[in-house]
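Just so you know, all these numbers are worked out from the coordinates, no wet-lab data involved. As the structure is a computational prediction, the values presented were derived from the model and not from experiment. Don't worry about glycine lacking a Cβ; one is built from the backbone with ideal geometry, like all the others, and counts go over all protein chains shown.
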Amino acid sequence: MSRRSLGVALAGSAVVLVAYYWPNLGSPVGSPPAASSVRQEAALRLPTSAPRRPAKTVNAAPSLSKAKPPIPAPSPAATDQEVYGKPVSTLVAGWQDGRWVTQGDILVDESHLVSGVGDENVRIASLDGVQYWQHGVVPYTIDANLDAAPVLAAIAMIESGAQVRFIPHTDEADYVVFRDTDADICQSYLGRKGGEQEVLLHHCKQGQILHELMHLMGFVHEQSREDRDRYVRIAWTEIQPAYKNQFQKVPAAISNPAHVPFDFGSILMYPSNAFSQTGRPTMVKLDGSAFTANRGSLSALDKEKLVRLYGKASPDRRPDTGA
Ligand SMILES: [Zn+2]
């Protein structure tokens, strides 16, 4: 597959993620081409699939002619739960619009790519060593062609309650640029990358911007948490095959650094029918019921995550001034 065609397939992934997660964003683009899905799924499974072990040969004495070749014992393929339900800090990243992206909307720096999978547009990326913002200070700029109002409103929500301050960038080495793009994407790096890092926003609603800001502050998707199986059941057969890796579990040190309870209401939780190929839920609560995704605001536990990781805002601080 050409670099461009897989790029398109992965771009389709991101758009479909947006369409499912934010169904009010616009017209869904639809499922990716079947061939791309098959190829991508094969590529995505490659690193974690259990190798097929050769059947044990029977050390039979040579016989005259009637001996039948040994029948290989059936080797059951690894289940999706075995493949994606084991927490790992390495995830599949795809090349999309000039950047590496994992889990639909998390940008990956080249320095976090650890290996290839035989396709130049797919790499394995490591989430190890996530850096957070020192003292909760995030220097930033907003490109002139991006509507600043919803970004500033989302920033104020992130700052509210936690010891987090977004300050206009001057000469700080590490800083964020909120940037518009041509593609319908909302993307951010996970935590502090080092140097300049982008938050890419194009036609993103305030809830989406909040979602990206939570990635920026260092948090992954809620259903990626190592303990998620104690709260949610993944309906693997309902998920479009190319998107099963979006349900990969990540070790607790990365996926729950703030040590807060699991939160169905998190702005980082996918909806119950995310990436469904049938319309039926891909994730349900353990009692079998679906749940409603939060698409608009930080939940109480989202705010608690920020407080536990960055500290509680002093009561006399005025977030709008950064003081
Ligand atoms: Zn996300």
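Measuring from centroid to centroid over Cα atoms, what is the spacing of the stretch 147-213 and the stretch 120-138 in Å?
After rounding, the separation between the Cα centres reads 15 Å.
Given a Förster radius of 45 Å and the C-beta distance between ILE167 and THR237 as r, what FRET efficiency does 1/(1 + (r/R0)^6) yield to the nearest 0.05? Please report the intermediate quantities before stating the final value.
Numbers: r = 48 Å, r/R0 = 1.07.
After rounding to 0.05, the efficiency reads 0.40.
Quick check on the stretch 134-220: what are the equivalent-ellipsoid semi-axes from the Cα gyration tensor, as sqrt(5λ), descending, whole Å?
Values: eigenvalues 65, 42, 31 Å².
Equivalent-ellipsoid dimensions as semi-axes: 18, 15, 12 Å.
Report the extension gain between ALA77 and GLN206 in nm, rounded to one decimal, defined as 0.36 nm multiplied by the number of residues separating them, less their alpha carbon distance.
42.2 nm
Per 0.36 nm of contour for each residue apart, how much would the distance between ASP227 and ASP184 grow if the chain were fully extended, relative to their Cα-Cα spacing? Don't skip to the end; give the middle numbers.
On the way: separation 43, 0.36 × 43 = 15.48 nm, distance 3.19 nm.
Value of the extension gain: 12.3 nm.
How large is the dipole of the stretch 134-220 about the Cα centre if only Lys and Arg carry +1 and Asp and Glu carry -1, each at its Cβ, rounded to the nearest 20 debye?
Working: 5 positive and 12 negative charges, 66 e Å.
Result for the stretch 134-220 is approximately 320 debye, rounded to the nearest 20.
Å³ per residue of the Cα convex hull, for the stretch 222-296? Walk me through the numbers on the way to the answer.
Working: hull volume 6.6 nm³, N = 75.
In the stretch 222-296, the Cα convex hull volume per residue is 88 Å³.
Could you derive backbone 3J(HN,Hα) for the stretch 272-282 from the dihedral phi with the Karplus parameters 6.51, -1.76 and 1.60 (θ = phi - 60°), listing whole Hz in sequence and x where the residue is Gly or Pro?
Result, rounded to whole Hz: 4, 9, 4, 6, 6, 9, 10, x, 7, x, 9.
Once you put a point 7 Å from the Cα of SER115 and another 7 Å from the Cα of VAL177, both along the Cβ direction, what distance in nm separates them?
With each label point 7 Å from Cα toward Cβ, the separation is 3.4 nm.
Working out 0.36 nm times the residue gap between ALA258 and ARG280, then minus their Cα-Cα distance, what length gain in nm do you get to one decimal?
On the way: separation 22, 0.36 × 22 = 7.92 nm, distance 3.21 nm.
Working it through step by step, the gained length comes to 4.7 nm.
Going by how many other beta carbons lie within 10 Å of each one, how would you line up SER314, SER111, SER276, fewest first? If you can, show how the numbers build up before the last one.
Values: SER314 8, SER111 11, SER276 18.
Exposure proxy ranking, most exposed first: SER314, SER111, SER276.
Which order results if HIS259, HIS215, HIS203 are arranged by neighbouring Cβ count within 10 Å, fewest first?
Values: HIS259 10, HIS215 22, HIS203 16.
With the fewest neighbours first, HIS259, HIS215, HIS203 line up as HIS259, HIS203, HIS215.
For the stretch 222-296, what relative contact order do you get, as a whole percent, if you take Cα pairs closer than 8 Å and at least 6 residues apart? Mind showing how you got there, number by number?
Working: 115 pairs, mean separation 30.0, N = 75.
40 percent.
Would you please give the residues with an amide H less than 5 Å from that of ARG99, counting only those at least 5 places away or on a separate chain, with H modeled from the backbone geometry?
none
Can you give the local net charge around ASP105? Use residues other than it whose beta-carbon is closer than 13 angstrom to its beta-carbon, Lys and Arg +1, Asp and Glu -1. Could the numbers behind the result be given before it?
Working: positive: ARG99; negative: ASP97, ASP184, GLU198, GLU212.
Counting the neighbours of ASP105, the net charge comes to -3.
Let me check I've understood the local charge: for PHE262, count other residues with C-beta under 11 angstrom from its C-beta, Lys and Arg +1, Asp and Glu -1. What total comes out?
-1
Working from the alpha-carbon coordinates of the stretch 152-310, get Rg over Rh, Rh being the Kirkwood radius.
Details: Rg = 16.2 Å, Rh = 16.6 Å.
Reported Rg/Rh, Kirkwood definition of Rh: 0.98.
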